[in-house]
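Enquirer: Pasting a structure below so you can have a look.
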Amino acid sequence: MTEAAFTPRVFSGIQPSGNLHLGNYLGALKRFAEAQDKGLETLYCMVDLHAVTVWQDPAALRHATRELAAGFIASGLDPARSILFNQSQVAEHTQMAWVFNCVTRMGWMQRMTQFKDKAGKNAQNASLGLFAYPALMAADILTYHATHVPVGEDQKQHLELTRDIAMKFNHDYGVDFFPVPEPVIEGTATRVMSLRDGASKMSKSDPSDMSRINLTDDADTIAKKIRKAKTDPAPLPSEIVGLADRPEARNLVNIYAALTDQSVDQVLRECGAMPFSAFKPRLADLAVEKLAPISAEMARLMQDVAEIDRILADGARRARALAAPILRQTYDIMGMVGAREV
Ligand code: AMP
Ligand code: TRP
């Protein structure tokens, strides 16, 4: 298949499961906005159907979906230039997911590390939806013929599976119908680590709130969390090799680099040999400068939930206009009667 056959189209999604954090911002949201600002066609989705693969309290889900939409907009996504929508409002995602359930092999799913992590020891008690999660994710992407998918490092395996699904469908039906999408995992913050433990990733499910900076944190809380972040006693090195076995130091430098759009080398040229007693206040000021306006804007947007719902309804309408013909063509390729327009 020639890549040129498909016009570039960017798709990504985030689960509305609460606690949007700095990792989501640097690894995903900030880069979503950059793709939009480059003038690319961009679709971004609140993946509520993915969120309910584990238990979600209905009121909390409703709140988290709207808050995530506010987070997208506060991070620079413009509902006029990007299509912002909620997954369950576009039924084509679940319809396409069924098709991909039938393309995907059990063995492929069984290799997914996120399922193993999330299901934990008691996999027999995990939902069937959690197991099938990556087929729905492939449907999110391929129902739009998206070609580029910006995500954090943790989604790499799911995107490889999406590519396998696209290729298997094309091969089985002898068509060049689905593009094989490219993961876009770039920059210094593709894996932001916990502020309490440089070996585990910053995550919304970490029981310690001190481990992450939430996008809803106010300036004092952001500064306090950075001040208390775990570090080692040595000052910052002046070269990148000096960070090799210092995961906590590396993480703070990566965050600084990502927030200032610099490389790690540039940060070390500026801050090399600085003790943490000097670097942390500098990072705290920077984080407050960049993040406090986002949290303030989210709070402002959340005061008008009706407006958020209107934006999501408009996004869903525009998303459906793209998704419906692709689903119909998929059904037609598969031999389903009634799929072809008469
Ligand atoms: P999730 O919150 O799991 O739905 O993830 C939403 C997006 O944020 C995905 O693109 C993830 O790869 C990204 N992401 C989540 N946690 C991190 C992290 N600690 N560092 C960088 N990116 C992350
Ligand atoms: N699985 C992703 C995560 O947990 C969220 C997601 C769902 C997604 N559908 C997607 C990301 C499609 C990119 C494209 O972070």
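Enquirer: Among the candidates THR94, THR53, which residue alone is touching a residue at least 40 places away in the same chain (Cβ under 8 Å), within 15 Å of ligand 2 (Cβ to nearest atom), assigned to a helix (DSSP H, G or I) and surrounded by fewer than 23 Cβ atoms within 10 Å (Cβ to Cβ)?
Expert: Values: THR53 fails: assigned to a helix (DSSP H, G or I).
Just one listed residue meets the conditions, THR94.
Enquirer: I'm told PHE279 meets every condition in (1) more than 24 Å from the chain's Cα centre (by Cα); (2) in the same structural domain as ALA69 (by TED's automatic domain parsing) except one. Can you identify the failing condition by its number?
Expert: For PHE279, the exception is condition (2).
Enquirer: Right, here's the next one. Only residues in the range 57-83 that are part of a loop (DSSP other than H, G, I, E, B) count as the first member; pair them with residues that are surrounded by fewer than 21 Cβ atoms within 10 Å (Cβ to Cβ) and polar (S, T, N, Q), Cβ under 6 angstrom, at least 6 apart or cross-chain, and list the lot.
Expert: Filtered contacts from the range 57-83: ARG81/GLN36.
Enquirer: Quick one: is LYS204 modelled with pLDDT under 95, of a type outside the set (A, V, I, L, M) and not assigned by TED's automatic domain parsing to the domain that holds LEU291? Can you show your working first?
Expert: Values: modelled with pLDDT under 95: yes; of a type outside the set (A, V, I, L, M): yes; not assigned by TED's automatic domain parsing to the domain that holds LEU291: yes.
Answer is yes for this residue.
Enquirer: Just the residues that are in a helix (DSSP H, G or I) and surrounded by fewer than 17 Cβ atoms within 10 Å (Cβ to Cβ), please, taken from the range 102-117.
Expert: CYS102, MET106, GLY107, TRP108, MET109, GLN110, THR113, GLN114, LYS116, ASP117
Enquirer: Could you check LEU195 against (1) in contact (Cβ under 8 Å) with a residue 60 or more places away in the chain; (2) in a loop (DSSP other than H, G, I, E, B) and say which number it fails?
Expert: Status for LEU195: all satisfied but (1).
Enquirer: Right, something else. Every residue in the range 138-192 that is part of a loop (DSSP other than H, G, I, E, B), closer than 22 Å to ASP37 by Cα and either polar (S, T, N, Q) or in contact with a Ser or Thr (Cβ under 9 Å, 6 or more places away or on another chain) (or both), please. First the steps, then the outcome.
Expert: In the first step, residues of the range 138-192 are kept if they are part of a loop (DSSP other than H, G, I, E, B); the result is 143-147, 151-152, 174-181, 185-192.
Checking which are closer than 22 Å to ASP37 by Cα leaves us with 144-147, 151-152, 181, 185-190.
Scanning the range 138-192 gives HIS145, ALA146, THR147, VAL151, GLY152, PRO181, THR188, THR190.
Enquirer: Please list, ordered by first then second residue, the pairs with beta carbon atoms under 7 Å, 6 or more apart or interchain, first in the range 155-172 and more than 25 Å from ALA28 (Cβ to Cβ), second assigned to a helix (DSSP H, G or I).
Expert: Listed by first residue and then by second, the contacts come to LYS168/VAL103; PHE169/VAL103.
Enquirer: Do we find a residue being touching a Lys or Arg at 6+ places or on another chain (Cβ under 7 Å) and not aromatic (Phe, Trp, Tyr) anywhere in the range 73-81?
Expert: At the first step, the residues of the range 73-81 found to be touching a Lys or Arg at 6+ places or on another chain (Cβ under 7 Å) are 75.
Filter again for not aromatic (Phe, Trp, Tyr), leaving 75.
Within the range 73-81, one or more residues are touching a Lys or Arg at 6+ places or on another chain (Cβ under 7 Å) and not aromatic (Phe, Trp, Tyr).
Enquirer: Return a yes/no flag: does the range 141-155 have any residue that is surrounded by fewer than 18 Cβ atoms within 10 Å (Cβ to Cβ) and either modelled with pLDDT under 95 or within 15 Å of ligand 1 (Cβ to nearest atom) (or both).
Expert: Taking the range 141-155 as the starting set, the residues that turn out to be surrounded by fewer than 18 Cβ atoms within 10 Å (Cβ to Cβ) are 153-154.
Subsequent filtering for residues that are either modelled with pLDDT under 95 or within 15 Å of ligand 1 (Cβ to nearest atom) (or both) retains 153-154.
Yes, the range 141-155 contains at least one residue that is surrounded by fewer than 18 Cβ atoms within 10 Å (Cβ to Cβ) and either modelled with pLDDT under 95 or within 15 Å of ligand 1 (Cβ to nearest atom) (or both).
Enquirer: A further question follows. Does any residue of the range 120-132 turn out to be under 19 Å from MET334 (Cβ atoms), in contact (Cβ under 8 Å) with a residue 12 or more places away in the chain and surrounded by 21 or more Cβ atoms within 10 Å (Cβ to Cβ)?
Expert: Pass one, the range 120-132, residues under 19 Å from MET334 (Cβ atoms): 132.
Then drop every residue that is not in contact (Cβ under 8 Å) with a residue 12 or more places away in the chain, which leaves 132.
From what is left, the residues that are surrounded by 21 or more Cβ atoms within 10 Å (Cβ to Cβ) are none.
Scanning the range 120-132, I find no residue that is under 19 Å from MET334 (Cβ atoms), in contact (Cβ under 8 Å) with a residue 12 or more places away in the chain and surrounded by 21 or more Cβ atoms within 10 Å (Cβ to Cβ), so the answer is no.
Enquirer: Let me ask another. Which one is farthest from ligand 2 (Cβ to nearest atom), of the residues in the range 115-160 that are of a type in the set (Ser, Thr, Tyr) and over 13 Å from SER12 (Cα atoms)? Before the answer, list the steps.
Expert: Going residue by residue through the range 115-160, those that are of a type in the set (Ser, Thr, Tyr) are 127, 133, 143-144, 147.
Subset that is over 13 Å from SER12 (Cα atoms): 127, 133.
Details: SER127: 15, TYR133: 7 Å.
Taking the candidates together, the pick is SER127.
Enquirer: Further question on the same structure: Going residue by residue through the range 165-180, is there one that turns out to be loosely packed, with under 15 Cβ neighbours inside 10 Å and under 30 Å from GLN56 (Cβ atoms)?
Expert: No, the conditions are met nowhere in the range 165-180.
Enquirer: Go through the range 201-220 and give me each residue that's in a loop (DSSP other than H, G, I, E, B) and either acidic (Asp, Glu) or within 16 Å of ligand 2 (Cβ to nearest atom) (or both).
Expert: So the first thing to find is which residues in the range 201-220 are in a loop (DSSP other than H, G, I, E, B), and the list is 202-208, 212-213, 215-218.
Within the range 201-220, MET202, SER203, LYS204, SER205, ASP206, ARG212, LEU215, ASP217, ASP218 meet the criteria.
The values are calculated or read from the model by the stated rules, or taken from the named source; none is laboratory data. Worth saying up front: this structure is predicted, and the values here are computed from it rather than measured. When we count neighbours, we look across all protein chains shown, and the Cβ atoms used for this are built from the backbone with ideal geometry, even at glycine.
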